[in-house]
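Student: Following this message is one structure expressed as structure tokens.
The values are calculated or read from the model by the stated rules, or taken from the named source; none is laboratory data. Just so we're clear, the structure is a prediction, and the values are computed from it rather than from any experiment. Cβ coordinates were reconstructed from backbone atoms using ideal geometry, including for glycine residues, and neighbour counts include every protein chain displayed. Side chains included, ligands, DNA and RNA excluded: accessible areas come from the protein's heavy atoms. Shrake-Rupley method; radii C 1.70, N 1.55, O 1.52, S 1.80 Å.
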Amino acid sequence: MSVTTTQTITEMPTFVEASLDGRSPSGPIQTMWERTKFDMKLVNPTNRRKFKIIVVGSGLAGGAAAATLGEQGYNVECYAYQDSPRRAHSVAAQGGINAAKNYRNDGDSIYRLFYDTVKGGDFRAREANVYRLAEVSNAIIDQCVAQGVPFAREYGGMLDNRSFGGAQVARTFYARGQTGQQLLLGAYQALARQIAAGTVKMFNRTEMVDLIVVNGRARGIVVRDMKTGEISPRLADVVVLGTGGYSNAFYLSTNAKGCNGTAIWRAHRRGAYFANPCYTQIHPTCIPPVGEHQSKLTLMSESLRNDGRIWVPKQPGDTRPADQIPESERYYYLEEMYPSFGNLSPRDISSRAAKRMVDSDRGVGPLRNGVYLDFADSINRLGQKLIADRYGNLFDMYENITGENAYKTPMRIYPAPHYTMGGLWVDYYLMSNVPGLFVIGEANFSDHGANRLGASALMQGLADGYFVLPSTLPNYIASTKLEKVDENVDAVKEAVANVQAITNRLMNVNGTKSVDHYHRELGKIVWDYCGMSRTAEGLEKALTLIPELEADFWENVRVTGGDKEINQDLEKAGRLVDYFGIGKLMCLDALDRNESCGGHFREEYQTSDGEALRNDKEYSYVAAWQYTGEDQKPMLHKETLTFETVKLATRSYK
């Protein structure tokens, strides 16, 4: 497999370590975004229809961006591999969306949301981006209410709030346990309106398989029609990626099976820097796996931790059913270890604590691979009806999967791969180091540092799509002279030929092992050595095992069917090729970062009581990796992180 290294211009240093500039504006952070919006150049409404913008992805980030840019008057094309934008994986988000409305009058503010997010990310995020996210959060709620999103309301009709991990205020707006679905329907109706108006053209069942870079600028994408197999270029003035994260590198994750990292990885191979790939989030409340050949894991919303208490038997090896273990013999470990935050401790801390319980032979369930999430106290205090009103669909889903009634028996939960804080590097304006390539939502690295707080993914996706990108993208168009590009340009033809070559190679292996076999094996390696905890020895082993598995894949994989038809085997194989690269870069980044922070936990770097031990002197930077060629070590670039508003401190939730 070969991809030609992109041509570069002065904004894109090539093969030489360099310091990155996030281009955060100067001046007080409290007024930075408003000043920046005024200072940026605009495009006259009558000229906007002359510019074509490609948006890849139709979830909350991509769908909101396409709808908003279309309403502004730009000529937008939106691409999704699903058969409808309504099936984007944003639909699976359950618990809620954060905003600093302070409706509960419990001390919340834009600054507190900003502070909680920086602290929750273990001081590994860019301050300017995080403050803007907190600032924009309130407008998101207003936008969604205006769209008719049915947020939960109190008896008097006011919007209700609940708490999520890493916060001591109630700032999470929700729609039972299906907040993502309702928000996505709001974005979809806005998108559908623009499709009907003719400003947005929607291409479903069409997958991006390469980025087209002409004279150092992103000018389009190569797509594969998933119904006919046709490979073709699509050209534009600007490309926007809103394609989500790469948790399916672990094979078993809470992500839908179709979620993939192909768009961001192939953009990376064309020159876009990949930032902090080792920052992956393991969600603490998921249904434990039940067998070797399971293909997916299921999320149980973090909101359940508002009313559920997490515990394990105090005595290692205790296999009695939950109802036979008296209160005095139960270990409510989060409440005891972190009394200030208790069961709503941040995800990385809660996940590692659960792992320690299971590793110490306190696991529960048939495979002894879970911990209990118990609602008995809340049901006794509030009544089953109120718990059902809050979480009924989640309890139903749990019973459908496990056959257990969580109103009567504690849920069994265990951490699972869920979200990726790493992604393509972007500056303050959400543009990658490749001019003309903007990256939004989970596909970029920008807002969450080394650990995302619960209910902040929906906030970032909609902030980027509805409010930030529509303000920053016009500045690029107005400041750039864009020459005409057609399909006869060499870079366009080379990109199409490259995709066809990869397809041909996959179809011609004719081995004996399935794509899923290799994906499962890759997932085991990444989970074992680059999962909840990592060591230098384990990461070095993974960096040997992954290339060996990849070589075997290219010798022995069997892709059934043909390439000119619907072929899910071919789709999965192409995505797995990219997961091999992503897996290697995750392990390399984790090995290079000799500290523990957030979701990146190196066992060699921990405090005496098992908490993450940061090294701010040497590692207070964003690690942005540049692709340098097949089988070549990538080049590391560093964006130094400075903390002028929130002072660096040891993160504590005790």
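Student: Check the stretch 4-19 and report whether any residue there is within 28 Å of the chain's Cα centre (by Cα), buried (at least 17 other Cβ atoms within 10 Å of the Cβ) and modelled with pLDDT of 95 or more.
Tutor: Looking through the stretch 4-19, none of the residues is within 28 Å of the chain's Cα centre (by Cα), buried (at least 17 other Cβ atoms within 10 Å of the Cβ) and modelled with pLDDT of 95 or more.
Here is a yes/no grid of residues against (1) out of contact with any helix residue (DSSP H, G or I) (no Cβ under 7 Å at 6 or more places or on another chain); (2) without any contact (Cβ under 8 Å) to a residue 24 or more places away in the chain; (3) among the aliphatic types (A, V, I, L, M):
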site: Gly317; (1), (2), (3): no, no, no
site: Glu327; (1), (2), (3): yes, yes, no
site: Arg352; (1), (2), (3): yes, no, no
site: Asp359; (1), (2), (3): yes, yes, no
site: Arg390; (1), (2), (3): yes, no, no
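Student: Go through the stretch 519-566 and count every residue that is of a type in the set (Phe, Trp, Tyr), more than 23 Å from the chain's Cα centre (by Cα) and open to solvent by 20 Å² or more (accessible area, probe 1.4 Å).
Tutor: Residues flagged as of a type in the set (Phe, Trp, Tyr), more than 23 Å from the chain's Cα centre (by Cα) and open to solvent by 20 Å² or more (accessible area, probe 1.4 Å) within the stretch 519-566 amount to 1.
Student: Continuing with this model, one more query. So which of Gly610, Gly561, Gly599 ends up being modelled with pLDDT under 95 and either under 24 Å from Leu20 (Cα atoms) or not aliphatic (A, V, I, L, M) (or both)?
Tutor: Only one candidate qualifies: Gly610.
Student: Which condition number does Pro366 fail, the rest of (1) more than 24 Å from Ala590 (Cβ to Cβ); (2) open to solvent by 10 Å² or more (accessible area, probe 1.4 Å); (3) touching a strand residue (DSSP E or B) at 6+ places or on another chain (Cβ under 8 Å) being met?
Tutor: Evaluating Pro366 over (1) more than 24 Å from Ala590 (Cβ to Cβ); (2) open to solvent by 10 Å² or more (accessible area, probe 1.4 Å); (3) touching a strand residue (DSSP E or B) at 6+ places or on another chain (Cβ under 8 Å) leaves (3) as the failure.
Student: I need the full set of residues from the stretch 36-59 which are more than 14 Å from Thr206 (Cβ to Cβ), surrounded by 24 or more Cβ atoms within 10 Å (Cβ to Cβ) and either in contact with a Phe, Trp or Tyr (Cβ under 9 Å, 6 or more places away or on another chain) or without any contact (Cβ under 8 Å) to a residue 12 or more places away in the chain (or both), in order please.
Tutor: Result: Ile53, single match.
Student: Here's something else I'd like to know. For the stretch 148-161, enumerate the residues that are in contact (Cβ under 8 Å) with a residue 24 or more places away in the chain and open to solvent by less than 40 Å² (accessible area, probe 1.4 Å).
Tutor: Val149, Phe151, Ala152, Leu159, Asn161, listed by residue number.
Student: OK, next. Quickly run through the stretch 162-185 and pick out the residues that are surrounded by fewer than 24 Cβ atoms within 10 Å (Cβ to Cβ) and over 25 Å from Thr298 (Cβ atoms).
Tutor: Gln168, Val169, Ala170
Student: So which of Leu636, Leu641 is within 22 Å of Gly423 (Cα to Cα) and crowded, with 18+ Cβ neighbours inside 10 Å?
Tutor: Leu641
Student: With the structure loaded, tell me whether Asn393 is closer than 28 Å to Ala190 by Cβ, surrounded by fewer than 24 Cβ atoms within 10 Å (Cβ to Cβ) and modelled with pLDDT under 95 or whether it fails that test.
Tutor: Yes, satisfied.
Student: Turning to a different aspect of this structure: Filter the stretch 396-426 down to residues that are aliphatic (A, V, I, L, M) and open to solvent by 30 Å² or more (accessible area, probe 1.4 Å) and give me whichever is nearest to Gln181 (Cα to Cα).
Tutor: Met397
Student: If you don't mind, another one. Restricted to the stretch 589-610, and to residues that are over 12 Å from Arg534 (Cβ atoms) and free of Cβ contacts under 8 Å to residues at least 24 places away in the same chain, which residue is surrounded by the most Cβ atoms within 10 Å (Cβ to Cβ)?
Tutor: Filtering the stretch 589-610 for residues that are over 12 Å from Arg534 (Cβ atoms) and free of Cβ contacts under 8 Å to residues at least 24 places away in the same chain, the one surrounded by the most Cβ atoms within 10 Å (Cβ to Cβ) comes out as Thr607.
Student: What number of residues in the stretch 68-94 are closer than 19 Å to Gly261 by Cα and in a loop (DSSP other than H, G, I, E, B)?
Tutor: Qualifying residue count for the region: 6.
Student: Here are some conditions: (1) of a type in the set (S, T, N, Q); (2) under 26 Å from Glu571 (Cβ atoms); (3) touching a helix residue (DSSP H, G or I) at 6+ places or on another chain (Cβ under 8 Å). Thr206 meets all but one. Which one does it not meet?
Tutor: Single failed check for Thr206: (3).
Student: In addition: Is it the case that Arg309 is under 19 Å from Pro366 (Cβ atoms) and more than 26 Å from the chain's Cα centre (by Cα)?
Tutor: Against the criterion (under 19 Å from Pro366 (Cβ atoms) and more than 26 Å from the chain's Cα centre (by Cα)), Arg309 does not qualify.
Student: Right, something else. Any chance the stretch 473-496 includes a residue that's open to solvent by less than 20 Å² (accessible area, probe 1.4 Å), of a type in the set (S, T, N, Q) and either outside any helix (DSSP H, G or I) or touching a residue at least 60 places away in the same chain (Cβ under 8 Å) (or both)?
Tutor: No: the stretch 473-496 contains no residue that is open to solvent by less than 20 Å² (accessible area, probe 1.4 Å), of a type in the set (S, T, N, Q) and either outside any helix (DSSP H, G or I) or touching a residue at least 60 places away in the same chain (Cβ under 8 Å) (or both).
Student: From Val312, Val222, grab the single residue that is hydrophobic (A, V, I, L, M, F, W, C), in contact with a helix residue (DSSP H, G or I) (Cβ under 9 Å, 6 or more places away or on another chain) and either free of Cβ contacts under 8 Å to residues at least 40 places away in the same chain or more than 30 Å from Ala376 (Cα to Cα) (or both).
Tutor: Val222
Student: What about Val145, is it under 23 Å from Asp389 (Cβ atoms) and touching a Gly at 6+ places or on another chain (Cβ under 8 Å)?
Tutor: no
Student: Still on this structure, I have one more. Does the stretch 128-139 include one or more residues that are open to solvent by 10 Å² or more (accessible area, probe 1.4 Å), at pLDDT 95 or above and in a loop (DSSP other than H, G, I, E, B)?
Tutor: For the stretch 128-139, residues open to solvent by 10 Å² or more (accessible area, probe 1.4 Å), at pLDDT 95 or above and in a loop (DSSP other than H, G, I, E, B): absent.
Student: Something else now. Taking Ser58, is it modelled with pLDDT of 95 or more, in contact with a strand residue (DSSP E or B) (Cβ under 9 Å, 6 or more places away or on another chain) and not in a strand (DSSP E or B)?
Tutor: Here the answer is yes, as Ser58 does meet what is asked.
Student: Could you list, in sequence order, the residues of the stretch 95-120 that are of a type outside the set (Phe, Trp, Tyr), assigned to a helix (DSSP H, G or I) and open to solvent by 40 Å² or more (accessible area, probe 1.4 Å)?
Tutor: Scanning the stretch 95-120 gives Ile110, Arg112.
Student: Ile29 - would you say it is modelled with pLDDT of 95 or more, within 20 Å of Asp464 (Cβ to Cβ) and open to solvent by 10 Å² or more (accessible area, probe 1.4 Å)?
Tutor: So Ile29 passes the test.
Student: Checking Glu77 against (1) open to solvent by less than 10 Å² (accessible area, probe 1.4 Å); (2) in contact with a strand residue (DSSP E or B) (Cβ under 6 Å, 6 or more places away or on another chain), which single condition isn't satisfied?
Tutor: Among (1) open to solvent by less than 10 Å² (accessible area, probe 1.4 Å); (2) in contact with a strand residue (DSSP E or B) (Cβ under 6 Å, 6 or more places away or on another chain), Glu77 violates only (1).
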